[in-house]
Amino acid sequence: MVHYGFDFSERYKVPVMLRITTRLAHSRAGVKRRDPRKKNDLKLPEDLHQFVLLPAIARKRYHNLLKMQDLFRQESETSSFNQYMDGPDKSLGIIVCGIAYNYLLENYPDRHVPYPILKIGQYPLPKKMIERLYAECKEILVLEDGYPIVEESLKGLLGKGLKIKGRLDGTIPRDGELNPNIVAVSLGMKNTYGMPVPSLMVGRPPSLCSGCPHIDSFKALNEVLEGLPKGRVFSDIGCYTLGALKPYEAINSCVDMGASITMAKGAADAGLVPSVAVIGDSTFAHSGMTGLLDAVNDKSPITIFILDNGTTAMTGGQDSPAFGKIETICKGIGVEEEHIHVLRPLKKFHKENVKIIKEELAYPGVSIIIPRRECIVAIDKRVREKFKKAAIV
Amino acid sequence: MKRDIILAGVGGQGIISIAAIIGTAALEQDLFLKQSEVHGMCQRGGDVQSNLRISDKEIASDLIPYGKADLIISVEPLEALRYLPFLSPDGWVVTSTKPYINIPEYPEMDKVMDEIRKLPHYIALDADELAKEIGTLKAANIVTLGAASPFLDMQFDKLEDAICSIFRNKGADVVNKNLQALKAGKDFTERQMNP
Ligand SMILES: Cc1ncc(C[n+]2csc(CCOP(=O)(O)OP(=O)(O)O)c2C)c(N)n1
């Protein structure tokens, strides 16, 4: 599909998006590899205005894109990713997308589905194929993972009349991931069950590693904020997001990368003082800096924790782009030097850390707290690699 | 031939290696394979689960339906019980009995073991203990895999080959320890089955 997508993109000079829903992004299988395609020669754009989206040019580009829709529709009708598979039992016609097709087949061990099936993998929707299914079958069932995108667009494509079953009429749960059992039930088949989970079962949510520096940071922050109404700590995505869960319950948001700082600033500007941001070193480098500049310019009263564990822990320990540069970046953006503090997040420095945080929370401007201690998983990896190298030498 | 396997454990306990070894062995034998990580495999300390399906015919679903798994391989006893709704009535549970206690409300160990002993077909072994005897606690996951090996419908030497190729760049000692671990697990199950 990716090969095809690249070729399509080259042919029509349009971006092509590969959409993978839930399970597909977490599955692997044995695959046969084909030879990699030769890289295209580097060339400069023929149309030098192509990416100059001034209103006059953008209007023209949009007009051209609309003109191409008919071609895209024709491509959809003949694409090998859109297949009409006829079946003898016309009481039902099934429109099925992506991984849902695997779940459908799972319910037919001989792989023969009695109903006509329209398998859709390329958009825009193949209107003619859909109309054929609609004309030949008594009811339509739509099986798609994630949002009911195809199901909703059918409303615009088809006249009223046939019943369309899917997520919108409750045949399939409106939310949640599909699986072979849900598909079986939607086809009126018998569900299968194993044994019940014993009543002693308890949940086991993910947690910070024992020895993780974030733990000490959260303990200090919690102590400082004790007694204040909760809900003022804006955070971000990373291992530290686990600080939202028990036993710490130290942070109150995780929206998109960098939003800890901008949300804390917004809250402070609206009058919430103290207002705190907690962001990882890597996330800070990715998209925390622009928000920081805004906060500095407005002298917003916020305290920003940049949790520096020296790595991008959550995604597997890649280098952190701001490594060794965090203080310089903050200074460069305009944070006052005396309000930038590097702490050692360790039990033995807890009291001292609490004192510094308390003082900075009281400061009516931007303060930066940098708890700095290497991620323990990163240390482990580093040490193992050192030994491996030593063993080779 | 078809084996639908649920791999269970706690993040960081090495079920990724188990999946990799079975998967490599399956592909070497030209079997079809689908593996799906159902619960964040990289989330440390949380429950993790992976669906592994092997067959000599093409496999449809990436997920195992409820009540259809032939085997639950768990490196932790409580986690073995979590996925019982997937187990088929003839299915086996192979689990290490060594609890991983990182939650305050972990149930009493006796009660967990009672539940395991209620299962119609199970192998329960202290994989940590056996791994310690070999000299590396880290291989406890491979001991558990070894204990499950008689139920995989796969030649044992294919699993050994997979271990050799997966651990090769960690040195001969690591390979040997893991081969011993695999064998120790297999021997345990064979003693249970033919006392
Ligand atoms: C826009 C975007 N890109 C990538 C990711 C994947 N991602 C999850 S957490 C993370 C960074 C974690 O690093 P850091 O902020 O240093 O925190 P740590 O995990 O080290 O505590 C990334 C890149 C994402 N969530 N959003």
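The values are calculated or read from the model by the stated rules, or taken from the named source; none is laboratory data. Since the model is a prediction, treat every value here as computed from it, not as a measurement. Please note: Cβ atoms are built from the backbone with ideal geometry, for glycine as well, and neighbour counts cover all protein chains shown. Side chains are part of the model used for accessible areas, which takes the heavy atoms of the whole protein and leaves out ligands, DNA and RNA. Shrake-Rupley method; radii C 1.70, N 1.55, O 1.52, S 1.80 Å.
Reducing the stretch A:316-345 and the stretch A:67-93 to their Cα centroids gives an inter-centroid distance of 55 Å.
The protection proxy used here, the mean number of other Cβ atoms lying within 10 Å of each residue, ranks peptides B:4-14, A:194-204 as follows, highest first: B:4-14, A:194-204. In terms of its alpha-carbon gyration tensor, the stretch A:331-383 comes out oblate; a/c meets the 1.5 threshold, while b/c is at least as large as a/b. Look at the stretch A:200-213: the mean tally of other chain Cβ atoms within 10 Å of its residues' Cβ atoms is 6.
Peptide A:23-34 has a mean shielding of 5, counted as Cβ atoms of other protein chains within 10 Å of each residue's Cβ.
When the square roots of the Cα gyration tensor eigenvalues are ordered a ≥ b ≥ c, the ratio a/c for the stretch A:213-379 is under 1.5, which makes its shape rounded. If R0 equals 25 Å, the separation of the Cβ atoms of A:Tyr147 and A:Tyr108 corresponds to a calculated FRET efficiency of about 0.45. Chains B and A together bury some 3400 Å² of accessible area, summed over both sides, with a 1.4 Å probe. The stretch B:91-124 to the stretch A:118-138: how many Å between their Cα centroids? The distance from the Cα centre of the stretch B:91-124 to that of the stretch A:118-138 comes to 50 Å.
A straight Cα-to-Cα reach below 29 Å connects A:Lys388 with the lysines B:Lys132, B:Lys138, B:Lys158, B:Lys170, B:Lys177, B:Lys183, residues fewer than 8 places away in its own chain not being considered. Taking a ≥ b ≥ c as the square roots of the eigenvalues of the alpha carbon gyration tensor, the stretch B:2-193 is rounded, as a/c is under 1.5.
Excluding same-chain neighbours fewer than eight residues apart, the lysines reachable from B:Lys111 by a Cα-Cα span under 19 Å are B:Lys98.
Near the amide H of A:Leu143, within less than 5 Å, lie the amide hydrogens of A:Ile95, A:Val96, A:Cys97, all on another chain or at least 5 residues away, with H placed in the peptide plane. Accessible area per residue was computed with a 1.4 Å probe on protein heavy atoms; A:Met85 scores about 50 Å². Using the beta-carbon distance between B:Glu28 and A:Tyr193 and R0 = 30 Å, what value does 1/(1 + (r/R0)^6) give for FRET efficiency, to the nearest 0.05? It comes out at approximately 0.30.
Think of the stretch A:157-299 as having a plus end and a minus end, set by charges on the Cβ of Lys, Arg, Asp and Glu; of A:Pro198, A:Gly258, A:Val278, A:Pro198 sits farthest toward the positive end of this dipole. Across the protein chains, with a 1.4 Å probe defining accessible surface, the residues A:Thr22, B:Thr24 rank A:Thr22, B:Thr24 from largest area downward. Annotation: peptides A:89-99, A:345-355, A:50-60, ranked by per-residue average of other Cβ atoms within 10 Å with the highest first, follow the order A:89-99, A:345-355, A:50-60.
Only protein heavy atoms count here; on that basis, with a 1.4 Å probe, A:Glu10 has an accessible area of about 90 Å². Could you tally the net charge around A:Lys347, taking each other residue with its Cβ under 13 Å from the Cβ of A:Lys347, Lys/Arg +1 and Asp/Glu -1? Once positives and negatives cancel, what remains is +2. Computed over the Cα atoms of chain A, pair by distinct pair, the Kirkwood hydrodynamic radius stands at 26.0 angstrom.
Identify all lysines with a Cα-Cα distance to A:Lys348 below 22 Å; exclude those on the same chain that are fewer than 8 residues away in sequence. Candidates past the 8-residue exclusion: A:Lys219, A:Lys358.
Surface exposure of chain A, expressed per residue as accessible area with a 1.4 Å probe, stands at 57 Å². For chain A, the carbon plus sulfur part of the accessible surface works out to 59%, probe radius 1.4 Å.
Shielding of peptide A:105-112 by partners, expressed as the average count of other chain Cβ atoms within 10 Å per residue Cβ, is 3. Counting heavy atoms of the protein chains alone, A:Val342 has an accessible area of about 70 Å² for a 1.4 Å probe.
Residues whose amide H lies under 5 Å from that of A:Ile340, counting only those 5 or more places away or on a different chain, are A:Ile368; hydrogens are built 1.01 Å from N in the peptide plane.
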